[in-house]
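Working notes, beginning with the structure itself.
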Amino acid sequence: MDAQRAARFPFVPTDTPPLVIDRTEDVWLIRDNGNRILDAGGGAIVTNIGHGRADVVRAATEALGQVDYVVPLWATENRVALIEELTEHWLPDGFTQASFFCGGSESVDAAVRLARTHHVSNGDHGRWKVIGRDVSYHGSTLSGLSVGNHDRRRSGLEPMLNDHPKSDWLDAESLAKVIEREDTDTVSAFIAEPINGASGAAMVPPAGYWPAVEEACRANGVLIIVDEVMTGLGRTGLKWGHEHFGITPDIIVGGKGLSGGYAPMGGMYTTRTIVDPIAAAGNSLMYFTFSGADLGCAVSVKVLQIMREEGLVDRAAQMGQRLRSRMEEELADHPNVADIRGLGLMQGIELVKDRNSGESFTRSDEFAQQVAMEAIDRGVWIYPCGSGPVVDGLLFGPPYTITDDHIETIVGVTSEAITAAASRLS
Ligand SMILES: Cc1ncc(COP(=O)(O)O)c(C=O)c1O
């Protein structure tokens, strides 16, 4: 595609035309000039089974040939099959209720509404606040931005956002204090990612954090919503990120890996304890027009089956360890690397200007973006991220099918790209 045509694509015009991807295959994004990019970011930490799976394409074609649009309230074979696949093989015990959406933001929005509707149905009309965390990311709807705290993505929109309270991200005591300060009877839920993704480059809380959060929430009638949009479905080496911390949430939100990127999908999962009062009160939750599209459900069933048949969750754990140890060997002493962290195949690097002083580059330097551009020039896609104190981060979330050779390429290119971007800035 010529650059002029490609330049028509960005909604807000930019100086450089966007990359044009012609084809996707296995772990590769193939450009229109034929050059291959290794998908170390899994797109936006989405691609779990890899690209171009014929079985998924077949499932999608068959689904579309059978059923196209049906209102979200009615059952179809694929909708029910997806609930069965999830409840039988993926969700924690007791999570029998599943509802599907077009992505993570819609699913977060639904979860926030579900928590409130549960309380209202119980006659607890005062509970509406959703305590989030500083820093966090829960999507870019106004509700997602309100309960999250990704300052770059909220920037300029603040007056429009509902000012839900925030707790300090590593500090469960701070959550207990916020619940008390806000008046317990006004708090509906606490929402957090088990491991921070886009806001903090795979920040993993210490072992005691989540159990203490659970205690504070249970003691105060506050529901726990875990946002597993990024961490869910094997990404961290277990089925769900929260499993690493031994807690039981009330509501799980998922997206990204549910369809492996083959269709726009998100999900919200919960128990009868949460939905029974809603049913008893004669209340309901409004759907979106395209919620639970049959095509997305059919694709997701196939993606989840492939993950089970190929043991890909265990593989994510194993290859994640490999990626992490190679990063530590090659990058831990790099002058611009402050930290390497994560679980499974969700790994992050925090970047700085100088690791000795801890000084960051300025935001306008866009260091992480520059590193990502340098990496693309060398044939690897890495997801640049960061907010608040994490000015620059890199997030790695490749398909669970990557090999040792791919890992060598990722680590080698990352090191070169950081050095190249840093020397250009200084
Ligand atoms: C933790 C988390 N929640 C919610 C979202 C929003 O999902 P989506 O972009 O599919 O709307 C994201 C997206 O990156 C995410 O990482």
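Counting only helices (runs of 4 or more DSSP H) that fall entirely inside segment 1-110 and contain at least 1 residues that are away from the ligand (no atom under 16 Å from the Cβ) and in contact (Cβ under 8 Å) with a residue 60 or more places away in the chain, the qualifying elements are 54-66, 77-89.
In segment 182-190, the condition of being closer than 26 Å to Tyr209 by Cα, within 13 Å of the ligand (Cβ to nearest atom) and either buried (at least 17 other Cβ atoms within 10 Å of the Cβ) or outside the structural domain of Gly292 (by TED's automatic domain parsing) (or both) is met by no residue.
Here is a yes/no grid of residues against (1) aliphatic (A, V, I, L, M); (2) away from the ligand (no atom under 16 Å from the Cβ); (3) modelled with pLDDT of 95 or more:
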| position | (1), (2), (3) |
| --- | --- |
| Gly221 | no, yes, yes |
| Ile225 | yes, no, yes |
| Gly232 | no, no, yes |
| Gly282 | no, yes, yes |
| Phe288 | no, no, yes |
| Ser291 | no, no, yes |
| Glu310 | no, yes, yes |
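Could you say whether any residue in segment 280-295 is touching an Asp or Glu at 6+ places or on another chain (Cβ under 7 Å), over 24 Å from Met346 (Cα atoms) and either assigned to a strand (DSSP E or B) or not charged (D, E, K, R) (or both)?
Yes, segment 280-295 has at least one match.
The condition (being under 30 Å from Leu323 (Cα atoms), in contact with a strand residue (DSSP E or B) (Cβ under 9 Å, 6 or more places away or on another chain) and not charged (D, E, K, R)) is satisfied by just one residue among Ser136, Ser188: Ser136.
Residues checked against (1) more than 15 Å from Trp169 (Cβ to Cβ); (2) among the aromatic types (Phe, Trp, Tyr); (3) within 16 Å of the ligand (Cβ to nearest atom); (4) modelled with pLDDT of 95 or more:
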| site | (1), (2), (3), (4) |
| --- | --- |
| Ala192 | no, no, yes, yes |
| Gly197 | no, no, yes, yes |
| Ala212 | no, no, no, yes |
| Val229 | yes, no, yes, yes |
| Gly254 | yes, no, yes, yes |
| Gly257 | yes, no, yes, yes |
| Gly260 | yes, no, yes, yes |
| Ile278 | yes, no, no, yes |
| Leu285 | yes, no, no, yes |
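Note on segment 111-133: among residues that are over 19 Å from Met265 (Cα atoms) and within 15 Å of the ligand (Cβ to nearest atom), the one that is surrounded by the most Cβ atoms within 10 Å (Cβ to Cβ) is Arg133.
Taking Gly348 as the residue in question, decide whether it is more than 25 Å from His89 (Cβ to Cβ) and not hydroxyl-bearing (Ser, Thr, Tyr). Considered against the rule, which asks whether it is more than 25 Å from His89 (Cβ to Cβ) and not hydroxyl-bearing (Ser, Thr, Tyr), Gly348 comes out as yes.
The values are calculated or read from the model by the stated rules, or taken from the named source; none is laboratory data. Just so you know, these numbers come straight off a predicted model, no measurement behind them. Heads up, the Cβs are rebuilt from the backbone with ideal geometry, glycines too, and the neighbour counts pull from every protein chain shown.
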